[in-house]
Structure formats: C-alpha cells, structure tokens
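Take a look at the structure set out below.
Each reported figure results from applying straightforward, stated rules to the coordinates on display, with no laboratory input. This structure is a prediction, so every number in the text was calculated from the model and none was measured. Because the Cβ atoms are built from the backbone with ideal geometry, glycine has one as well, and the counts that use them run over all protein chains shown.
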Amino acid sequence: MSPKNTICLWFNGTALEAARFYAATFPNSAVGRVMHAPGDYPVGQQGDGLTVEFTVLGIPCLGLNGGPTFPQTEAFSFQVATDDQAETDRLWNAIVGNGGQESACGWCKDRWGVSWQITPRVLTEAIQGPDRAAAKRAFDAMMTMRKIDIAAIEAAVRSA
C-alpha cells in the first residue's frame, strides 16, 4: 500500500538519476518503482520514465519528470540532522562534490537543484537552548559559515 502523503519533486528528465544518488548517499533511502508513461506527454513519449518512487531518510518521495517548466527553489529543502562533524562532512561533500553548490548557514543545493540543510544537532540545540546569550553567539557563528563547523559552534557557545 502506498503512503497517504508523499513529497513530489519535479525534475527535468533526471528523477531516476537523482533518486539513485539519494539512495546511495543517505541512510534509510531507496529507489522504488519506476512508472513509464502510458502515452506521449508534453515533454516525453510513451515508454519514457515518467515517475520514480523513492525514499530519502525514510521519507516517501515521488520524482516526476515534468520537464523544465518548474525548476527547484530554496522554498523547499530537506533538513538533515547530523550527529557529528564526520557525518556533516560526508553528506555535504557528497552533495556539493557531485555537481552541487554551497550556500550559507549549512544550506547547499544538489546538481538537480534540490536544496538541503545539513544541520548538526549541536547547532539546533545551541540555538534553541535556554541560555539566550549562548544561542545568539552560536547563531552569529553559524551566519558566517557555509558548511557548519561543529567545533566553532561549540566554541561560540562556551565563549562569554
């Protein structure tokens, strides 16, 4: 039985390629069924891969090969909570190193234009913590970063 709610991501003919990358990069991720178009459509022909079911970190997704009309934007992103610098580096480097691009404050974009927030739990906990002065120092440190540096966040929290 398919899930009641699925995130649908629009791709320009590269949904299966993206799904395979996500499955290889993120734990608890997999590529599922590919549905081939039963007839011609505006950007493809009968038999082309129209949709691909996949999961990213356990979240059900559907990649739709809808053409170039609606590119990805930062209005949607996957936020991935990481446990340490090694995991942060591995995911960031996989996304950016595979044709993606860096942005600010832990955000990056993959080669298909999908935005990712690679967010160490240390950062989230620091910003949401009860010590508001430490939260501001952590936030200010984050604002200077591209990929999050956990040691620098922890140092900002400790400094007074």
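What the table shows:
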{"quantity": "Ellipsoid semi-axes in whole angstrom, largest first, where each is sqrt(5λ) of the Cα gyration tensor of the chain", "calculated": "36, 15, 13"}
{"quantity": "Neighbour-limited loop hits for GluC sites (Glu not before Pro), segment 24-120 (at most 15 other Cβ within 10 Å; DSSP other than H, G, I, E, B)", "calculated": "74"}
{"quantity": "Ranked 21, 54, 70, criterion: other C-beta atoms within 10 Å, fewest first", "calculated": "70, 21, 54"}
{"quantity": "Segment residue 43-residue 86, length gained on full extension (0.36 nm per residue, minus Cα span)", "calculated": "11.4 nm"}
{"quantity": "Distance from segment 1-17 to segment 19-52 (C-alpha centre basis), Å", "calculated": "7 Å"}
{"quantity": "Sparse-neighbourhood loop sites, trypsin sites (Lys or Arg not before Pro) in segment 1-97 - DSSP loop, at most 14 other Cβ within 10 angstrom", "calculated": "4"}
{"quantity": "Value of relative contact order over segment 1-70, rounded to a whole percent, pairs C-alpha under 8 Å and six or more apart", "calculated": "41 percent"}
{"quantity": "Relative contact order (%) - segment 44-95, alpha-carbon pairs under 8 angstrom, separation at least six", "calculated": "20 percent"}
{"quantity": "Length-normalised contact order for the chain - Cα pairs under 8 Å, 6+ apart - percent", "calculated": "18 percent"}
{"quantity": "Residue 36/residue 146 FRET efficiency (R0 41 Å; Cβ-Cβ; nearest 0.05)", "calculated": "0.55"}
{"quantity": "Proximal charge balance of residue 122 [Cβ under 11 Å; K/R count +1, D/E count -1]", "calculated": "-4"}
{"quantity": "Ranking of 143, 1, 35 by count of other Cβ atoms within 10 Å, fewest first", "calculated": "1, 143, 35"}
{"quantity": "Note, ³J(HN,Hα) from phi for segment 46-60, Karplus 6.51, -1.76, 1.60, rounded to Hz, x at Gly and Pro", "calculated": "3, x, 5, x, 8, 9, 9, 8, 7, 10, 10, 6, x, 8, x"}
{"quantity": "DSSP beta bridge pairing in the chain, given as percent antiparallel to the nearest 5", "calculated": "60 percent"}
{"quantity": "In nm, spacing of pseudo-spin labels at residue 70 and residue 57 (7 Å Cα→C-beta vector)", "calculated": "2.3 nm"}
